[in-house]
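Below is one structure; the comments refer to it alone.
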Amino acid sequence: MPGVDQTSVDELLKDAAEAASLGVGGVILFGIPDAKDATGSEAWNDDAPVQQAVRALKREVPGLVVITDVCLCEYTEHGHCGVIRDGDVDNDATLDLLAKEAVSHARAGADIVAPSDMMDGRVAAIRSALDENGFANTAILAYSAKYAGPFYGPFREAAESTPQFGDRRSYQMDSANSDEALREVMLDIEEGADMVMVKPAGPFLDIIHRVKSQTGYPVAAYQVSGEYSMIQAAAERGWVDGERVMMDSLMGIRRAGADVILTYFARAAARLLRE
Ligand SMILES: [Zn+2]
């Protein structure tokens, strides 16, 4: 993906300090483990890269909100978001593992954990595990309305998390149905989510708007890798004014009702906003 790299803890600290100085409010971390296995056990290793990065960020850039992605797909050798039983993702067996991962991130100092897996019941499982382990103040940003689709392609390559068989449609949502999004959002709020996310953002502005207006909850919108890459690619060819299209794309997401935008443009946009 143009302008986007996997990073080390050292490099991350430099980028994060720069982001904070530009006015970016927070960062979200995705882990690339040294080794992957069937259950994704590196996800709850307290010394894995994400946990190390969280500790370093809280120490060196304390003003920055640190969010961690909680999922198993970056950690499993098959690239699915949960453990596999009989060729399918086993929802309930996955919950305990996600809870362990979230507790490990909270122990490292994460302000917000963000489950992106879409397993049923994972927000409740994570909330109770956090509370039991003394992390009542760690917030949950739930990926509540997450649509399967082609816009994730560049990220999957970057995170090395393309499923090795099948796809994720059985546990992501039907993009033609916006009532389902509202149901998923309400379930996550009932289970204890502090903030809900719509992903991707640009193609689902109506969902952002519905979620915001019908729940009043803090809404995050994730402008995903495909949305970012399309703008970058067109700008590189001189077909569009990259900065202006970037700002228009972000403004649309904000106008739809997003309180928080996750975007690969964060630093570039913050820089422009300061001018
Ligand atoms: Zn996943």
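The values are calculated or read from the model by the stated rules, or taken from the named source; none is laboratory data. Keep in mind that what you see is a predicted model, and the values were worked out from it rather than measured. Reconstructed Cβ throughout: ideal geometry from the backbone, glycine too, with neighbour counts over all protein chains shown.
Scoring V27 on the criteria (1) assigned to a loop (DSSP other than H, G, I, E, B); (2) of a type outside the set (D, E); (3) away from the ligand (no atom under 15 Å from the Cβ); (4) under 22 Å from K199 (Cα atoms) leaves a single failure, condition (1). Within region 22-37, residues that are closer than 18 Å to A56 by Cβ sit with their Cβ atoms under 8 Å from residues that are modelled with pLDDT under 95 and surrounded by fewer than 18 Cβ atoms within 10 Å (Cβ to Cβ), at 6+ positions apart or across chains, in these pairs: I32/Q6; I32/E160. Is it the case, given these coordinates, that G40 is in contact with a Ser or Thr (Cβ under 6 Å, 6 or more places away or on another chain), farther than 25 Å from D174 by Cα and within 14 Å of the ligand (Cβ to nearest atom)? So G40 passes the test. If we scan region 19-30, do we find a residue that is over 22 Å from R122 (Cβ atoms), among the β-branched types (V, I, T) and in contact with a Pro (Cβ under 8 Å, 6 or more places away or on another chain)? The answer is no; no qualifying residue exists.
Looking only at region 71-94, count how many residues are more than 14 Å from the ligand (Cβ to nearest atom) and closer than 21 Å to V113 by Cβ. Summing the residues that are more than 14 Å from the ligand (Cβ to nearest atom) and closer than 21 Å to V113 by Cβ in region 71-94 gives 2.
Within region 140-147, not a single residue is away from the ligand (no atom under 16 Å from the Cβ), touching a Ser or Thr at 6+ places or on another chain (Cβ under 8 Å) and either in a strand (DSSP E or B) or modelled with pLDDT under 95 (or both).
Would a scan of region 75-98 turn up a residue that is at pLDDT below 95, of a type outside the set (V, I, T), farther than 21 Å from I126 by Cβ and in contact with a strand residue (DSSP E or B) (Cβ under 9 Å, 6 or more places away or on another chain)? Taking every residue of region 75-98 in turn, at least one turns out to be at pLDDT below 95, of a type outside the set (V, I, T), farther than 21 Å from I126 by Cβ and in contact with a strand residue (DSSP E or B) (Cβ under 9 Å, 6 or more places away or on another chain).
From the list L72, L64, the one residue that fits, being within 25 Å of D37 (Cα to Cα), hydrophobic (A, V, I, L, M, F, W, C) and in contact with a helix residue (DSSP H, G or I) (Cβ under 8 Å, 6 or more places away or on another chain), is L72. Number of residues in region 1-24 that are assigned to a loop (DSSP other than H, G, I, E, B) and exposed (fewer than 15 other Cβ atoms within 10 Å of the Cβ) equals 7. Of all the criteria given as (1) surrounded by 15 or more Cβ atoms within 10 Å (Cβ to Cβ); (2) among the aromatic types (F, W, Y); (3) without any contact (Cβ under 8 Å) to a residue 12 or more places away in the chain, the one not satisfied by F265 is (3).
When D117, D111 are checked against the criterion of being modelled with pLDDT of 95 or more, in contact with a helix residue (DSSP H, G or I) (Cβ under 9 Å, 6 or more places away or on another chain), buried (at least 18 other Cβ atoms within 10 Å of the Cβ) and acidic (D, E), a single residue qualifies: D111. The single condition among (1) among the aliphatic types (A, V, I, L, M); (2) in contact with a strand residue (DSSP E or B) (Cβ under 7 Å, 6 or more places away or on another chain); (3) outside any loop (DSSP other than H, G, I, E, B) that M118 does not satisfy is (3). Could you check, for region 124-134, whether at least one of its residues is within 15 Å of the ligand (Cβ to nearest atom), at pLDDT 95 or above and buried (at least 18 other Cβ atoms within 10 Å of the Cβ)? Within region 124-134 (the criterion being within 15 Å of the ligand (Cβ to nearest atom), at pLDDT 95 or above and buried (at least 18 other Cβ atoms within 10 Å of the Cβ)), the answer is yes, since at least one residue qualifies. Among the residues here, E42 does not qualify as charged (D, E, K, R), buried (at least 19 other Cβ atoms within 10 Å of the Cβ) and in contact with a helix residue (DSSP H, G or I) (Cβ under 8 Å, 6 or more places away or on another chain). Does any residue of region 237-249 turn out to be crowded, with 19+ Cβ neighbours inside 10 Å and more than 15 Å from A266 (Cβ to Cβ)? No, region 237-249 has no match at all.
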